[in-house]
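What follows is calculated from the coordinates using simple rules that are stated; it is not laboratory data. Predicted model, so just to flag it, every value in this text is computed and none were measured. Reconstructed Cβ throughout: ideal geometry from the backbone, glycine too, with neighbour counts over all protein chains shown.
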Amino acid sequence: MSAITLSRASSNYRKVAQKWYGLTDEQMKSVDIHHNPPRNQGGRDIPEHLYLYHHTLHAMIHDKDYLVWAQKSSGNKTNKRGRPPSKTEPTPRELEVLRLRNLGHSRAEVGALMGLTDHQVKRCVMECKKYGWAYTGKSGPKRGSPARGGVPKGTNQPNQYTK
């Protein structure tokens, strides 16, 4: 019993399939070759593993495979999946927002100076902190404090529900 062994270096799987199915060069132009089982599952360039398909049918077969391959992706070292981050440091605008906040300006003041919303100012500071830039500003007054119009804890406050 003899076995056919073809190395990848010396074989062209399209030529192997053409010879196996007895097709001319003209007929091979409109044909896609599909490995079954796929190469990544042990399929080889031998006639028994090669199937002929029209290019639209072959594309439909691989549409499902792409979803499976994407789910098996290990990603990269920086993110769970996908491309590495394109941003490695804060932008000049974010650094300017951080500088103004560190000087003691409120989010509303920085937003008015730079034409940003409060949320955008907050995101700029968070981006800077993510890359190691220090935010030394103090948080605002807490709920119930006199600075916000409240009465300090521990003082006798009139109860509006008693007579």
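Give me the extension gain from Val151 to Lys15: residue separation times 0.36 nm, minus the current Cα-Cα distance, reported in nm with one decimal.
40.2 nm
Report the extension gain between Glu96 and Gln41 in nm, rounded to one decimal, defined as 0.36 nm multiplied by the number of residues separating them, less their alpha carbon distance.
14.4 nm
Based on the Cβ-Cβ distance of Lys130 and Tyr53, what FRET efficiency does E = 1/(1 + (r/R0)^6) give at R0 = 45 Å, to the nearest 0.05?
0.40
Just rank Ser145, Ser30, fewest to most, by other beta-carbon atoms within 10 angstrom.
Ser30, Ser145
Within straight cross-link reach of Lys15, meaning Cα distance under 16 Å, which aspartates and glutamates are found once same-chain residues fewer than 8 apart are removed?
Cross-link targets: Asp25, Glu26, Asp32, Asp45, Glu48.
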